[in-house]
1. Six or more apart or on different chains, Cβ under 9 Å: which pairs go from a residue in the stretch A:238-253 that's more than 18 Å from A:GLY270 (Cβ to Cβ) and at pLDDT 95 or above to one that's open to solvent by less than 70 Å² (accessible area, probe 1.4 Å) and in a loop (DSSP other than H, G, I, E, B)? Could you list them?
2. Hey, can you tell me all the residues within the stretch B:334-353 that are within 10 Å of another protein chain (Cβ to nearest Cβ) and of a type in the set (Ser, Thr, Tyr)?
3. Hey, can you tell me all the residues within the stretch B:279-312 that are assigned to a loop (DSSP other than H, G, I, E, B) and in contact with a His (Cβ under 8 Å, 6 or more places away or on another chain)?
4. Any idea how many residues of the stretch A:160-181 are under 15 Å from A:PHE336 (Cβ atoms) and away from every other protein chain (no Cβ under 11 Å)?
5. Here are B:SER335, B:SER340: which of them is more than 16 Å from ligand 1 (Cβ to nearest atom), closer than 21 Å to B:GLY190 by Cα, crowded, with 24+ Cβ neighbours inside 10 Å and at pLDDT 95 or above?
6. Name every residue in the stretch A:434-471 that is open to solvent by less than 50 Å² (accessible area, probe 1.4 Å), within 25 Å of A:TYR343 (Cα to Cα), assigned to a helix (DSSP H, G or I) and in contact (Cβ under 8 Å) with a residue 12 or more places away in the chain, in order of residue number.
Protein chains: 2
Amino acid sequence: MQRAAALVRRGCCPRTLGPWGRSQSSAAAEASAVLKVRPERSRRERILTLESMNPQVKAVEYAVRGPIVLKAGEIELELQRGIKKPFTEVIRANIGDAQAMGQQPITFLRQVMALCTYPNLLDSPSFPEDAKKRARRILQACGGNSLGSYSASQGVNCIREDVAAYITRRDGGVPADPDNIYLTTGASDGISTILKILVSGGGKSRTGVMIPIPQYPLYSAVISELDAIQVNYYLDEDNCWALNVNELRRAVQQAKEHCNPKVLCIINPGNPTGQVQSRKCIEDVIHFAWEEKLFLLADEVYQDNVYSSDCKFHSFKKVLYEMGPEYSSNVELASFHSTSKGYMGECGYRGGYMEVINLHPEIKGQLVKLLSVRLCPPVSGQAAMDIVVNPPVPGEESFEQFSRAHKMAPDMFYCMKLLEETGICVVPGSGFGQREGTYHFRMTILPPVEKLKTVLQKVKDFHIKFLEEYA
Amino acid sequence: MQRAAALVRRGCCPRTLGPWGRSQSSAAAEASAVLKVRPERSRRERILTLESMNPQVKAVEYAVRGPIVLKAGEIELELQRGIKKPFTEVIRANIGDAQAMGQQPITFLRQVMALCTYPNLLDSPSFPEDAKKRARRILQACGGNSLGSYSASQGVNCIREDVAAYITRRDGGVPADPDNIYLTTGASDGISTILKILVSGGGKSRTGVMIPIPQYPLYSAVISELDAIQVNYYLDEDNCWALNVNELRRAVQQAKEHCNPKVLCIINPGNPTGQVQSRKCIEDVIHFAWEEKLFLLADEVYQDNVYSSDCKFHSFKKVLYEMGPEYSSNVELASFHSTSKGYMGECGYRGGYMEVINLHPEIKGQLVKLLSVRLCPPVSGQAAMDIVVNPPVPGEESFEQFSRAHKMAPDMFYCMKLLEETGICVVPGSGFGQREGTYHFRMTILPPVEKLKTVLQKVKDFHIKFLEEYA
Ligand SMILES: Cc1ncc(COP(=O)(O)O)c(C=O)c1O
Ligand SMILES: Cc1ncc(COP(=O)(O)O)c(C=O)c1O
């Protein structure tokens, strides 16, 4: 399913990203007050244009809701208006948003959240006691006993304690300190924040950030926003997308010629690849980071999405501690988790946490300062995180991915055709980064099994037809 | 109450910002796998230090939960442990967090939120029909009919429609287009995002951002993060902190010598000053922005917190339209609102919106791209915003403010003493910026009237005593 044949490139490039509000000038009324100067009517050049805007933001290539997804929206509207197509609905396999795909939220989680939201329900006999107990505990830790107060910028104390207890359990007793836990607005926020602190230097000493290719597009976007240097290391497609430390070595050596590689980002389990790193691989990576003096970022949001019985999730934190004091007291690590994935799939609440290890005390102060600027993460998301780290109910899948591509690369063309002809919406692989000359697309497997069968059959038929036409 | 006397500066500077996690090395176990190199035990220099970190982040001076508030926490702990003080509780008048001060959330809002969170409650007879109707409408617009799905990056469609309808009502019929509405993670997020897009250029053409002094500290922090140039214009303290266009002129002329002033930020009603701009003043500002080709940012989060019968809130959007087509089709404006203020005071949900006027269509695409990088604002916050823009119940106050100061400025010293001697926690004025040689503090007036009387009496007594001691 993963590899699509190399495709003919077409020139067309759908870039327009949303209608321009037309009602603006129509409504203008005359000014009542007399002004010193009454200017002539004319459309002036705008202040904020593609030319004058922040070039780092312009350079962001974010494969989120690009042309494919915009087209999907258009086709849905056409279907609603009764226009005939060779299919009757658009199936959105481009984004792993479990609840959007019909997965029901976990009752217990939503009960606790409802109790926190509207505490009158604490008197209702239709809610279980354990849910009430959790809700009371969370509310007691909130200012004014309400989700409506700002929390501490680092997050509600007792929730950070629960997260630390969860990590300790998960890691077989390796202790976690609530002081090292920062609650965030989804993992996205934690990742952007720590990268923001890490980037410095100019010219050849500008910070280099190593990221896997294919990557999750947040990384390249934030690196671009921060004007840092993206240092690619390629995952080994021929080896189930495994991470190879020799490739890390190649990448860091090459990068040293034009920047200062300071950060190594790992996504484990991988997105979009789904690979799960072995314990040995993680040790090698940690040793490499120690050797090369790299700050480690471990994106572990898919830690509960391991399905194969051959694979087991090992946290970087745990392996780091088990490697002994030279590593455990020296290697700087930030790892991330989220309410969006795992069996909960609570994307909309935007809950998440970051655990930091060996962070310099002064940097902790800087981190709190930076987080304080935007006050605090949503308290409802913090509450959701609290419930995620508690009930030990085993998981149900919820991978996800956003994607956008600006140019009509061959895989973009393939996906666009697939969508137009079958109604199946997937993400072109170029949104994640690829070795030159190879083409992929990525689809999530969230639809129910019956739907999935239809989907796969349709993809197969389309693929054969496509190859006949363009090979 | 506003002005504190000039104070003696003391040397002490409480900077430590949180304990350093001590349990880290104690827990290290031996590695099970044999590594190529087994390094010696030693504490190496850290990668991320004050010297190596992002200098723009380091330069952020954010007056959020600085020394005064940390001290307040310590004193609370001491009181809990039974240590005797000349007061029995700490009264937190430093931060306008209405619900943290005991204000009860609006029942209707919380009912709708609870229904959205746990839709089983839609069958419960104890919830009113109108709340159910709202909840159903919101859920139908969410992916999978759940708050647990990511929304569109710009926000849920029907909520943007409700916001547009609210603005149209508020502005006496001046139309608002849902396409111009972007839901955000609190107003903070909208302000940071639009500034991020606006900043460009190097050296003398680096973007200058004009902000009022005193300001809300988010502005100076974001300007520092973005390495933009902060251009101060002073509000006129002798004239109830009014905005004077001549002062804008002075500031912009001076700024042009070393940067490219491109953005003018207005906070109306003001924080921390509380001043409400007259219609005439707003017209003058808009004309000035037109003349000087400045992109306008109107922070209107306190639009429902106008108490004096002499004052009336006018939105920049409305005045802009009433000034005629030259302005209404040319001046670029972004205005901001939030669930945190007004009669709701729902800070914890982090809901907010931004309305943009005359934004270039290509920039709208860029904006959506940038928002997409972090996926979407919390959907529960979006739902809260929906309810805030709907019920036309008139307001109840909820000003707020965070503050932190790094050095022991005279006003910091004054506030520290005030806290230690009376238990009253206020914010030193230096956190907001001041004219040289003037000193202020800022307190919120959220405590109930009886408590407020005690508070004011205590402040008075302290002030007299303080002047005797240090004058
Ligand atoms: C690898 C990876 N990291 C981080 C995120 C961000 O998730 P959130 O911000 O919802 O926690 C995602 C989302 O798809 C992801 O796939
Ligand atoms: C003037 C001003 N703008 C913006 C904000 C940010 O509010 P929020 O991010 O909670 O919407 C505040 C908060 O106190 C404020 O005082």
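1. As it stands, the answer is A:VAL252/A:LEU294, since those pairs meet every condition given.
2. B:THR339, B:SER340, B:TYR349 - these are the residues of the stretch B:334-353 that are within 10 Å of another protein chain (Cβ to nearest Cβ) and of a type in the set (Ser, Thr, Tyr).
3. Within the stretch B:279-312, B:GLU300, B:VAL301, B:GLN303 meet the criteria.
4. Going through the stretch A:160-181 one residue at a time, the tally reaches 5.
5. Within the list B:SER335, B:SER340, the selection yields B:SER335.
6. A:VAL455
The values are calculated or read from the model by the stated rules, or taken from the named source; none is laboratory data. Quick caveat, the model's predicted, so the values are computed rather than measured. All Cβ positions, even for glycine, are placed from backbone atoms using ideal geometry, and neighbour counts span all protein chains on display. With ligands, DNA and RNA removed, areas are computed over all heavy atoms of the protein, side chains included. Shrake-Rupley method; radii C 1.70, N 1.55, O 1.52, S 1.80 Å.
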